[in-house]
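Asker: Dropping the structure in here first, questions after.
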Amino acid sequence: MHDDPLSTPLQFLKGVGPRKAADLSRAGLTTLEDLLYRLPFRYEDRSRMQPIASLRPGMRAAVLAEVKTANLVRTRRRGFVVFHAVMADESGAIRCTWMNQAFLRDILVPGLRVVIFGDVKLDSSGLHFLNPEYEVADDLGGEEEHVVPGLRTGRLVPFYEKTGSVTPNMQRRLVRAAVDGLPDPLPDPLPESTRERLALMARREAMVLAHFPDAGATVEQLNAFRTPAQWRLIFEEFFLFQIGHAWRRRSAGAEVKPFVPLVNDRVRESAARVLPFKLTPGQKVALREIVEDMRRSAPMHRLLQGDVGAGKTIVALLAAVVAMENGLQVAFMAPTEILAAQHYANIARLLATSRFRVDLLTGSTPAAGRLAVETGVSRGTTHLVVGTHALVQEGVTFRKLGFVVIDEQHRFGVAQRAALRAKGLCPDVLLMTATPIPRTLALTEYSELDVSKIPDLPPGRKPIQTRVVAESRREDVYRLVRHELDAGRQAYIIYPLVEESEKVDLKSATEMAEHLQAEVFPGHRVALMHGRMKQDAKDQVMRDFAAGRVQILVSTTVVEVGVDVPNASVMVIEHAERFGLSQLHQLRGRVGRGEWASHCILLYQAPWTDDARERLKALAETQDGFVIAERDLELRGPGDFFGTRQSGLPRLRTGDLVRDRDIMEAAHREARLVADTGTLTPALQRYVDHRWQAQFGLIEVG
Ligand code: ADP
Ligand code: MG
């Protein structure tokens, strides 16, 4: 858009020569747009001028005064100078001192009117300002005595993040010059209908007021980023982000599946035969939404969210039966071999009496078995294949892949998801996650997806008692474990495995397992599992634990996701202070899966950080994964919430995903509304086609 006035390079701004332009550009500021969309991160109220007589020590105050006397004093330390001035208004006088600013002698000359702003201090000779900010009142252009809007005093003053070698005042001056030079009205990327519906402030006015607020805004509103001007600019950014997603979603919706499943009585009966229990109301709603999508001609892109143990697998399987009854193949991808094996065992059992053939394909499937599975998949004699990322490898081709389920999808890279989808014929895709995702992040990361949520748990689940226990009370914990084991239950004891100290941790997990076996629980069987073990050794341990041959499983976090042993009723987490909140929640979800009351013990070792204390407290207080996810987002911020795998988080310049959740919500709604009308304004269309991806730093999702 070269007609865009904001694309003007900063060097055309008054006071910016080639040298300063280069400085600015090194700091990431090249155009007016770069400069203006870097909003102040904080504001200070320097608008009220105080009579000097009313000043008290400790105040942060602004006064409008006249310079009475001024002198530069050399001190005994060589080269060290102090500039003293006395300022007076009608109510009184006050001293000001500046260290090492000899040039002030030429500026603050007696008789001049200035605004002084700073902290009022008290010393042996009375009140004074030390190194205050000043602004020459005659430069301010104001006539009134009491409110003189300048740039850094006498008003609500903006503060900017430091930008390279650009000083705060220079930035204020640049921004002032930039907003003053903006055409009126300023072209607006937001559609007129949106602006009217939400009664948004005009773009130019918002720009001016976000940088140089007028008296209509309070400093509290400003620092909460909720003045109409700030709201509008943040909304603008979020809307542009969301419109890109909404438009792509609409375009994807125009794709047509070659085979659209039918649902008739035969299909329903087939699904009912597979179902071992009654679905919860939440499962029913989710299943209905999924099947409705499947019956549409556009491919499904849906995220199924449900807390750990909510029963997502059966919902996905029932949908898979619908696909298979319609002659389509199903791929079911899990992030780990253990999880894939468990899904496979489960699904094979449930489908045992059906006519559908189920296979498992993982990295450790031996070559011969692998060939057999690949043949079955390519000929179509295998109806459902469960696997790890091995499913997306080259040798695997499907005859008629129509439905893809991706479990614990946040563990997969975008590329793997896309690769699996590409093996199908515009397949329906169902993503599942048991890491409940805070609503704003869902709106960001999964903006193009439709979301189903299972809010309830299957009946009969007993709440898990969670306690935070100091290492020094380890004996109490063993007593509890023994009590459970004696009642026939099983226990997990989890060790963190932090990469940098992998060896040490592995050693402590190994020693712990030996110690527990030999000295603490000699009458029970203890087994050890960790990520460095061979796959078949891990599988063997898991099988022994699931069958009850092992009562205590000492493990690193490899059991974190999805493992289902209903008889286990105790989860002890060693060094709980080292785990993230969502991970702790996942681990805790390994118990409480049967009919027994369960316990989760968070053992911590001092010293722990305040953050760690907060995390453990939050976990003990609630079992609602969505509440925990929101807390986790607040504690860790959006970048860390998913870890490094995520690529869908946008690069933002005005908005904040935690602070501005409500605005993201509004932008999401509005963008879908606009996209669903089927046309964009020419400017928006150009934006979505050419600039959207680059602006938000997004990787192509494919
Ligand atoms: P998640 O949502 O964490 O993947 P799963 O699908 O593994 O949960 O289900 C957890 C456990 O609950 C499984 O043992 C499953 O068989 C059981 N389950 C799921 N739905 C129901 C239900 N409606 N009634 C009884 N048990 C159920
Ligand atoms: Mg699961």
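The values are calculated or read from the model by the stated rules, or taken from the named source; none is laboratory data. Predicted model, so just to flag it, every value in this text is computed and none were measured. Here the Cβ positions follow ideal geometry from the backbone for every residue, glycine too, while neighbour counts run over all protein chains shown.
Asker: Is there a residue being on the phi > 0 side of the Ramachandran plot, at pLDDT 90 or above, more than 16 Å from ligand 1 (Cβ to nearest atom) and not in a helix (DSSP H, G or I) anywhere in the stretch 512-526? Give the derivation first.
Answerer: Our first condition is that a residue be on the phi > 0 side of the Ramachandran plot; within the stretch 512-526, this holds for none.
Checking the stretch 512-526: not a single residue is on the phi > 0 side of the Ramachandran plot, at pLDDT 90 or above, more than 16 Å from ligand 1 (Cβ to nearest atom) and not in a helix (DSSP H, G or I).
Asker: List the number of the failed condition for residue 585; all other conditions in (1) more than 25 Å from residue 482 (Cβ to Cβ); (2) within 34 Å of the chain's Cα centre (by Cα); (3) modelled with pLDDT under 85 hold.
Answerer: (3)
Asker: Could you check, for the stretch 573-596, whether at least one of its residues is touching a residue at least 24 places away in the same chain (Cβ under 8 Å), surrounded by 20 or more Cβ atoms within 10 Å (Cβ to Cβ) and farther than 25 Å from residue 339 by Cβ?
Answerer: Checking the stretch 573-596: at least one residue is touching a residue at least 24 places away in the same chain (Cβ under 8 Å), surrounded by 20 or more Cβ atoms within 10 Å (Cβ to Cβ) and farther than 25 Å from residue 339 by Cβ.
Asker: Which ones in the stretch 258-287 are touching a residue at least 40 places away in the same chain (Cβ under 8 Å), away from ligand 2 (no atom under 16 Å from the Cβ) and either buried (at least 19 other Cβ atoms within 10 Å of the Cβ) or not in a loop (DSSP other than H, G, I, E, B) (or both)?
Answerer: Those that are touching a residue at least 40 places away in the same chain (Cβ under 8 Å), away from ligand 2 (no atom under 16 Å from the Cβ) and either buried (at least 19 other Cβ atoms within 10 Å of the Cβ) or not in a loop (DSSP other than H, G, I, E, B) (or both): 261, 266, 267, 270, 271, 273, 274, 281, 285.
Asker: Please work out if residue 359 is in a helix (DSSP H, G or I), surrounded by 16 or more Cβ atoms within 10 Å (Cβ to Cβ) and charged (D, E, K, R).
Answerer: Values: in a helix (DSSP H, G or I): no; surrounded by 16 or more Cβ atoms within 10 Å (Cβ to Cβ): yes; charged (D, E, K, R): yes.
Answer is no for this residue.
Asker: Still on this model: Name every residue in the stretch 302-322 that is under 15 Å from residue 288 (Cβ atoms) and either more than 12 Å from ligand 2 (Cβ to nearest atom) or polar (S, T, N, Q) (or both), in order of residue number.
Answerer: Of everything in the stretch 302-322, those that are under 15 Å from residue 288 (Cβ atoms) and either more than 12 Å from ligand 2 (Cβ to nearest atom) or polar (S, T, N, Q) (or both) turn out to be 302, 318, 319, 321, 322.
Asker: Among the small types (Gly, Ala, Ser) and either within 16 Å of ligand 2 (Cβ to nearest atom) or more than 22 Å from residue 475 (Cα to Cα) (or both) - does that describe any residue in the stretch 597-608? Lay out the reasoning, then the answer.
Answerer: Residues of the stretch 597-608 among the small types (Gly, Ala, Ser): 597-598, 606.
Applying the additional criterion that residues be either within 16 Å of ligand 2 (Cβ to nearest atom) or more than 22 Å from residue 475 (Cα to Cα) (or both) yields none.
For the stretch 597-608, residues among the small types (Gly, Ala, Ser) and either within 16 Å of ligand 2 (Cβ to nearest atom) or more than 22 Å from residue 475 (Cα to Cα) (or both): absent.
Asker: For the stretch 474-511, what are the residues that are of a type in the set (Asp, Glu) and at pLDDT 85 or above?
Answerer: Correct list: 475, 476, 484, 486, 511.
Asker: Name the single residue that is farthest from ligand 1 (Cβ to nearest atom) among those in the stretch 318-332 being assigned to a loop (DSSP other than H, G, I, E, B) and surrounded by fewer than 24 Cβ atoms within 10 Å (Cβ to Cβ).
Answerer: Here the answer is 327.
Asker: Looking at the stretch 288-317, which of its residues are within 11 Å of ligand 1 (Cβ to nearest atom), among the hydrophobic types (A, V, I, L, M, F, W, C) and either part of a loop (DSSP other than H, G, I, E, B) or under 29 Å from residue 250 (Cβ atoms) (or both)? Talk me through it step by step, then tell me what you get.
Answerer: Taking the stretch 288-317 as the starting set, the residues that turn out to be within 11 Å of ligand 1 (Cβ to nearest atom) are 304-317.
Next cut, among the hydrophobic types (A, V, I, L, M, F, W, C) only: 304, 308, 310, 314-317.
304, 308, 310, 315, 316, listed by residue number.
Asker: When the stretch 333-356 is examined, which residues are found to be surrounded by 15 or more Cβ atoms within 10 Å (Cβ to Cβ) and either assigned by TED's automatic domain parsing to the domain that holds residue 547 or more than 16 Å from ligand 1 (Cβ to nearest atom) (or both)?
Answerer: Matches in the stretch 333-356: 337, 354, 356.
Asker: Just a yes or no: is a residue in the stretch 198-217 assigned to a loop (DSSP other than H, G, I, E, B), touching a strand residue (DSSP E or B) at 6+ places or on another chain (Cβ under 7 Å) and of a type in the set (Gly, Ala, Ser)?
Answerer: Within the stretch 198-217 (the criterion being assigned to a loop (DSSP other than H, G, I, E, B), touching a strand residue (DSSP E or B) at 6+ places or on another chain (Cβ under 7 Å) and of a type in the set (Gly, Ala, Ser)), the answer is yes, since at least one residue qualifies.
Asker: Do the conditions hold for residue 535, that is, is it assigned by TED's automatic domain parsing to the domain that holds residue 492, within 16 Å of ligand 2 (Cβ to nearest atom) and farther than 17 Å from residue 490 by Cβ?
Answerer: no
Asker: Please indicate, with yes or no, whether at least one residue in the stretch 38-51 is more than 17 Å from residue 163 (Cα to Cα), among the acidic types (Asp, Glu) and surrounded by 18 or more Cβ atoms within 10 Å (Cβ to Cβ).
Answerer: yes
Asker: Can you tell me which residues in the stretch 418-435 are farther than 16 Å from residue 448 by Cβ, touching a Leu at 6+ places or on another chain (Cβ under 9 Å) and within 16 Å of ligand 1 (Cβ to nearest atom)?
Answerer: Within the stretch 418-435, 432 is the sole residue that qualifies.
Asker: Take the stretch 218-250 and flag every residue that is part of a loop (DSSP other than H, G, I, E, B) and either in contact with a Leu (Cβ under 6 Å, 6 or more places away or on another chain) or aliphatic (A, V, I, L, M) (or both).
Answerer: The one that is part of a loop (DSSP other than H, G, I, E, B) and either in contact with a Leu (Cβ under 6 Å, 6 or more places away or on another chain) or aliphatic (A, V, I, L, M) (or both): 224.
Asker: Could we say that residue 671 is at pLDDT 90 or above and part of a helix (DSSP H, G or I) here?
Answerer: The answer is yes for residue 671.
Asker: What number goes with the only condition from (1) under 15 Å from residue 312 (Cβ atoms); (2) within 16 Å of ligand 2 (Cβ to nearest atom); (3) at pLDDT 80 or above that residue 429 does not pass?
Answerer: Here residue 429 clears every test but (2).
Asker: Only residues that are surrounded by fewer than 19 Cβ atoms within 10 Å (Cβ to Cβ), within 23 Å of residue 312 (Cα to Cα) and away from ligand 1 (no atom under 16 Å from the Cβ): list them for the stretch 597-633, please.
Answerer: 597, 622, 627
Asker: Within the stretch 75-93, is there a residue that is surrounded by fewer than 15 Cβ atoms within 10 Å (Cβ to Cβ), in contact (Cβ under 8 Å) with a residue 40 or more places away in the chain and assigned to a loop (DSSP other than H, G, I, E, B)?
Answerer: Within the stretch 75-93, one or more residues are surrounded by fewer than 15 Cβ atoms within 10 Å (Cβ to Cβ), in contact (Cβ under 8 Å) with a residue 40 or more places away in the chain and assigned to a loop (DSSP other than H, G, I, E, B).
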